[in-house]
1. Can we say LYS36 is more than 30 Å from LEU10 (Cβ to Cβ) and exposed (fewer than 15 other Cβ atoms within 10 Å of the Cβ)?
2. At pLDDT below 95, of a type in the set (S, T, N, Q) and in contact with a strand residue (DSSP E or B) (Cβ under 9 Å, 6 or more places away or on another chain): which single residue out of THR134, THR109 fits that description?
3. Give me a count of the residues in region 209-267 that are out of contact with any Lys or Arg (no Cβ under 7 Å at 6 or more places or on another chain), of a type in the set (A, V, I, L, M, F, W, C) and farther than 18 Å from GLU159 by Cα.
4. Just give me the residues in region 87-103 being open to solvent by less than 60 Å² (accessible area, probe 1.4 Å), under 20 Å from LEU255 (Cβ atoms) and touching a helix residue (DSSP H, G or I) at 6+ places or on another chain (Cβ under 6 Å), in sequence order.
5. Given the criteria modelled with pLDDT of 95 or more and surrounded by 16 or more Cβ atoms within 10 Å (Cβ to Cβ), does LEU50 qualify?
6. Among the residues of region 115-154, how many are under 18 Å from GLU209 (Cβ atoms) and open to solvent by less than 60 Å² (accessible area, probe 1.4 Å)?
7. Quick check on region 177-186. Is at least one of its residues modelled with pLDDT of 95 or more and not in a loop (DSSP other than H, G, I, E, B)?
8. Could you check, for region 208-223, whether at least one of its residues is of a type in the set (Asp, Glu), under 25 Å from the mean Cα position of the chain (by Cα) and under 24 Å from HIS120 (Cβ atoms)?
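The values are calculated or read from the model by the stated rules, or taken from the named source; none is laboratory data. Quick caveat, the model's predicted, so the values are computed rather than measured. Ideal geometry is used to build each Cβ from the backbone, glycine not excepted, and the neighbour counts take in all protein chains shown. Only protein heavy atoms, including side chains, enter the accessible area calculation; ligands, DNA and RNA are left aside. Shrake-Rupley method; radii C 1.70, N 1.55, O 1.52, S 1.80 Å.
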Amino acid sequence: MIEQQVRTNLEQTLAKIEKDSDLLVRTVAEAATAVKKIRTAASVGDFQKLRHALNEANQFTAQLQQELASTTQSWNFDEEDYLGGLGFQQDLLSMAEQMGVDLIEHEGTLFAYPALVRVHPKEMAVTIDRVRETRLRPSLLVKRLKDLQTRPYRFKPHEFLAILYSAYSIAVGIRGKHLLGTGIVIPLMEIYELLTMLPRPTFEYTRQEFARDLYFLDKSGVNQTKKGHLLHFHASTGIKDATKVLSVIAQGGRLRTYYGTSFTSAA
């Protein structure tokens, strides 16, 4: 039953443990005071005060053990199982609603535009835009997401466009160099696979991050490379396989999808 309470009320459970810890601190202080009395009485050989201080210290120690056992019991659940299930996401979504933050789950990732939140149960951590965070109290995480939403997101559209064009050129070249410049449509998932084949020793570039970068590029209005190649996005008309379509929760909670891209000459 305790596990179920933690699953659905993580914020309340942590608040209770925080409050209980105040009692623990107070009891520890009282026990420490009693121990100091033991030392003082022993230093002068005051039998009466020594016996009284020993009894007092034992009482506070027993009280501390009882309070600590109760606090420990409040946190008696499987952390990895909780983080890997729906409980943690539900707690975050509930807290986000209370705090007025748009947080939406999509394809196993939490979107709080422009931030992406991924849960890592085995590490007992989350990443917010690749930044690892082990402080998982819902109110703290949602406050951080709210703060991030007030800051301008750093995105370099020209740099990303150049990377996109390079990968597109490779994909077209595989089909035949004579197709370069013809505006052939290449599925964006194919381009993503090409990008993720490159060595990335410091981080994993997820398809959700790629979809978000496509949205930022689309939103920026930057669509021409330095050599004059124009970018075009193409809809997934007739495509039923969802794995071939990239989707992202855009600003305002709207779902944006991307299927293919092409580049043509500006001339």
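1. It is true that LYS36 is more than 30 Å from LEU10 (Cβ to Cβ) and exposed (fewer than 15 other Cβ atoms within 10 Å of the Cβ).
2. Exactly one residue qualifies, and that residue is THR109.
3. Of the residues in region 209-267, 8 are out of contact with any Lys or Arg (no Cβ under 7 Å at 6 or more places or on another chain), of a type in the set (A, V, I, L, M, F, W, C) and farther than 18 Å from GLU159 by Cα.
4. Hits for region 87-103 are LEU92, ALA96, VAL101, LEU103.
5. For LEU50, the condition - modelled with pLDDT of 95 or more and surrounded by 16 or more Cβ atoms within 10 Å (Cβ to Cβ) - is met.
6. Summing the residues that are under 18 Å from GLU209 (Cβ atoms) and open to solvent by less than 60 Å² (accessible area, probe 1.4 Å) in region 115-154 gives 13.
7. Yes, the conditions are met somewhere in region 177-186.
8. Taking every residue of region 208-223 in turn, at least one turns out to be of a type in the set (Asp, Glu), under 25 Å from the mean Cα position of the chain (by Cα) and under 24 Å from HIS120 (Cβ atoms).
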